[in-house]
Amino acid sequence: MKSLKFGKLTIGGPRTVVIAEIADSHNGSVTQAKALVDAAREAGADVVKFQIHLPDIEMVPGKVHMWDGDLYEILKRNLFTPEMHKEMMDYCKKVGIEYLCTPFCPAAVDVLNDLGVKAFKTGSGEITNLPHHRKLAKISAKTGKPVIVSTGMCTMEEITDTVKVYEEEGAKKNLVLTNCTSEYPPNNYSHANLGLIRKLQDKFGVIVGQSDHTMDNYTAFASVALGAKVIEKHFTLSRKQRGPDHFIALEPAMLKELVDGVRKIEVALGDKKTISKEEQVVRDWAFHSVVASRDIKKGEIFSLENLMPKRPGSGIEAKYLDKKYSKKLLGKTAKRNLPKNTILTWNDCA
C-alpha cells in the first residue's frame with residue numbers, strides 16, 4: 001500500500017494522522033469554529049474535520065429524530081454555508097492545520113470540490129449510497145485526492161460493494177477505510193472490533209484507520225498499535241454544550257492526551273531486536289558472569305565444582321557453564337590464583 005498525500009500530510013506513513021472531528025460542534029458560529037480549530041491545533045491534531053449539510057437535498061424533513069431532537073431542525077440551526085466553509089478553509093491554512101469536510105449528498109461533493117478541498121471524508125451513513133461514492137471516486141481518480149470512508153453499521157459485503165466502485169473508477173489507490181462502530185457512545189468495548197483493522201487491510205489492500213466514538217482514548221491507542229494510520233475523534237470545547245455530538249466528544253485536554261499517546265506509541269512500534277545504550281548499562285550488571293565459587297589455585301582445572309554463575313555480567317558469560325558452550329571453558333586451567341567470587345575473564349584461562 002502506497003502512502004497518500006493530503007496537503008502537507010502523508011497518510012500511510014510512520015506518522016498517524018489525527019483528525020479532530022468538529023462536525024457541527026461550532027453550533028453555527030464561525031467564531032466558535034475558529035476557537036475549535038485553535039484548540040485542536042494547540043492539542044496537536046493534524047486535521048480538523050467539519051460537515052457540510054444541504055438539509056433539503058440530503059434528507060426528508062421530520063423523519064429522523066436524534067437524542068438532541070429532530071435532525072433536520074438541528075442541521076438547519078447549525079447550518080454552515082459554503083461561504084462559511086471557505087472562510088474556515090482559509091483560517092485553517094492561516095494557522096497551519098489541514099481542513100477536511102464530510103459531504104452528505106452528491107451536491108455537497110460538488111460544493112467542496114469547487115472550494116478546492118484536498119481530500120474527502122464520508123460518514124458511515126453513506127456507505128451504501130453508491131452514486132455518492134461513484135461521484136467521489138471519479139473526482140479522486142482525476143485529481144488524486146484521498147477519500148476516507150467510514151465503515152460503521154454495515155456488513156463486509158456492503159464495504160466490498162463500495163470498494164468495488166472505487167476500483168472500477170480507478171481510485172482504489174486513493175481510498176482509506178476507517179473501522180468504526182456507529183454507537184454514540186459504544187458502552188460495550190467488545191463492539192469496537194479493533195481486529196477488523198487488520199482484516200480490512202488484508203481483504204482490501206488499502207490504508208485503514210479508526211473512526212472512534214468511545215468516550216476515552218483506550219481503543220484509539222490500541223488501534224495505532226494494530227496498524228491504524230488515521231485516528232478520528234469528535235472534538236468539542238466542552239461536553240456540557242447542547243448539541244448532538246458534544247457529549248461524546250473529546251475536550252481539549254483529552255485531545256492533547258490522545259495526540260501525545262499516539263506519538264509515543266508510534267515510536268514504540270519498532271521491530272528491530274537491538275541492545276540500546278540504556279539497556280547496555282543494565283545488562284552490564286543484570287547479566288551473569290562465570291565466577292569462582294571457591295578459592296581456585298593456579299593450574300587448577302575449571303569445572304562445575306569450582307565455578308558458578310553470578311552477577312554482574314562483566315566477565316565470561318554464564319552461558320559457558322551450559323553444555324551448549326562449556327567445551328570452550330571447562331577443562332581449561334587457571335593462569336593465576338583466583339580467590340572466591342573472582343569474576344573470570346578469558347585472560348584467566350590457560
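The values are calculated or read from the model by the stated rules, or taken from the named source; none is laboratory data. In this text, all values refer to a predicted model and were calculated from it rather than measured experimentally. Neighbour counts are summed over all protein chains in view; Cβ atoms, including those assigned to glycine, are modelled from backbone coordinates with ideal geometry. Heavy atoms of the whole protein, side chains included, go into the accessibility calculation; ligands, DNA and RNA do not. Shrake-Rupley method; radii C 1.70, N 1.55, O 1.52, S 1.80 Å.
Which residues, taken from segment 62-93, are modelled with pLDDT under 90, in a loop (DSSP other than H, G, I, E, B) and on the phi < 0 side of the Ramachandran plot? Break it down stepwise before answering.
Step one: filter segment 62-93 for residues modelled with pLDDT under 90, giving 62-79.
Filter again for in a loop (DSSP other than H, G, I, E, B), leaving 62-64, 67-68, 78-79.
Within segment 62-93, Lys63, Val64, Trp67, Asp68, Asn78, Leu79 qualify.
Counting the residues of segment 206-252 that are touching a residue at least 12 places away in the same chain (Cβ under 8 Å) and more than 30 Å from Lys2 (Cα to Cα) gives 17.
Would you be able to tell me the number of residues in segment 269-320 that are without any contact (Cβ under 8 Å) to a residue 24 or more places away in the chain and acidic (Asp, Glu)?
Here the count works out to 4.
Of the residues making up segment 201-225, those that are crowded, with 23+ Cβ neighbours inside 10 Å and among the hydrophobic types (A, V, I, L, M, F, W, C) are Ile207, Val208, Ala220, Val224. Would you point out which residue out of Val17, Val37 is within 23 Å of Ser223 (Cβ to Cβ) and touching a residue at least 12 places away in the same chain (Cβ under 8 Å)? Result: Val17 is the single residue among Val17, Val37 that is within 23 Å of Ser223 (Cβ to Cβ) and touching a residue at least 12 places away in the same chain (Cβ under 8 Å).
Of the residues Leu194, Leu177, Leu237, Leu258, only one is open to solvent by less than 10 Å² (accessible area, probe 1.4 Å), of a type in the set (A, V, I, L, M) and either modelled with pLDDT under 95 or not in a strand (DSSP E or B) (or both); which?
Details: Leu194 fails: open to solvent by less than 10 Å² (accessible area, probe 1.4 Å); Leu177 fails: either modelled with pLDDT under 95 or not in a strand (DSSP E or B) (or both); Leu237 fails: open to solvent by less than 10 Å² (accessible area, probe 1.4 Å).
Criteria check complete, one pass: Leu258.
Restricting attention to segment 312-346, the residues that are under 16 Å from Asp295 (Cα atoms) and in contact with a helix residue (DSSP H, G or I) (Cβ under 7 Å, 6 or more places away or on another chain) total 4. Basic (Lys, Arg), modelled with pLDDT of 95 or more, within 22 Å of the chain's Cα centre (by Cα) and closer than 27 Å to Gly209 by Cα: is that true of Lys118 in this structure? Here the answer is yes, as Lys118 does meet what is asked.
Out of Ala45, Ala39, which single residue is under 26 Å from Ile207 (Cα atoms) and either hydrophobic (A, V, I, L, M, F, W, C) or open to solvent by 40 Å² or more (accessible area, probe 1.4 Å) (or both)? Don't jump to the end; show me each part of the working.
Working: Ala39 fails: under 26 Å from Ile207 (Cα atoms).
The match here is Ala45.
Quickly run through segment 19-57 and pick out the residues that are part of a loop (DSSP other than H, G, I, E, B) and at pLDDT 95 or above. Residues satisfying the conditions are Gly44, Ala45, Asp46.
For segment 269-319, enumerate the residues that are polar (S, T, N, Q), more than 36 Å from the chain's Cα centre (by Cα) and open to solvent by 30 Å² or more (accessible area, probe 1.4 Å). Outline the logic, then answer.
Restricting attention to segment 269-319, the residues satisfying the condition of being polar (S, T, N, Q) are 274, 276, 280, 289, 293, 303, 306, 314.
In the following step, the residues that additionally are more than 36 Å from the chain's Cα centre (by Cα) were identified as 289, 293, 303, 306, 314.
Residues satisfying the conditions are Ser293, Ser303, Ser314.
Looking across segment 229-271, just one residue is among the charged types (D, E, K, R), in contact with a strand residue (DSSP E or B) (Cβ under 6 Å, 6 or more places away or on another chain) and more than 13 Å from Glu21 (Cα to Cα), and that is Lys229.
The single residue among Met84, Met89 that is in contact with a helix residue (DSSP H, G or I) (Cβ under 8 Å, 6 or more places away or on another chain), under 22 Å from Lys118 (Cβ atoms) and without any contact (Cβ under 8 Å) to a residue 40 or more places away in the chain turns out to be Met89. Among the residues of segment 143-173, the one identified as crowded, with 16+ Cβ neighbours inside 10 Å, assigned to a loop (DSSP other than H, G, I, E, B) and β-branched (Val, Ile, Thr) is Thr151.
Taking Glu98, is it at pLDDT 95 or above, in contact with a helix residue (DSSP H, G or I) (Cβ under 8 Å, 6 or more places away or on another chain) and closer than 21 Å to Ser29 by Cα? When the stated conditions are applied, Glu98 passes them. Pairing residues of segment 123-139 that are open to solvent by less than 20 Å² (accessible area, probe 1.4 Å) with residues that are of a type in the set (Ser, Thr, Tyr) and assigned to a helix (DSSP H, G or I), at Cβ distances under 8 Å and at least 6 apart in sequence or on separate chains, gives Ile127/Thr162; His133/Thr162; His133/Tyr166; Ala137/Tyr166.
Among residues of segment 150-165 that are within 12 Å of Gly123 (Cα to Cα), those with a Cβ under 9 angstrom from a residue that is open to solvent by 50 Å² or more (accessible area, probe 1.4 Å) and assigned to a loop (DSSP other than H, G, I, E, B), sequence gap 6+ or separate chain, pair up as Gly152/Glu183; Met153/Glu183; Cys154/Thr128. Thr128 - would you say it is assigned to a loop (DSSP other than H, G, I, E, B), β-branched (Val, Ile, Thr) and at pLDDT 95 or above? It is true that Thr128 is assigned to a loop (DSSP other than H, G, I, E, B), β-branched (Val, Ile, Thr) and at pLDDT 95 or above. Within segment 67-78, identify whether any single residue is farther than 30 Å from Arg263 by Cβ, of a type in the set (Phe, Trp, Tyr) and out of contact with any His (no Cβ under 8 Å at 6 or more places or on another chain), and answer yes or no. Checked segment 67-78: at least one residue is farther than 30 Å from Arg263 by Cβ, of a type in the set (Phe, Trp, Tyr) and out of contact with any His (no Cβ under 8 Å at 6 or more places or on another chain).
Of the residues making up segment 58-79, not a single one is under 25 Å from Glu158 (Cβ atoms), touching a residue at least 60 places away in the same chain (Cβ under 8 Å), in contact with a Phe, Trp or Tyr (Cβ under 8 Å, 6 or more places away or on another chain) and surrounded by 15 or more Cβ atoms within 10 Å (Cβ to Cβ).
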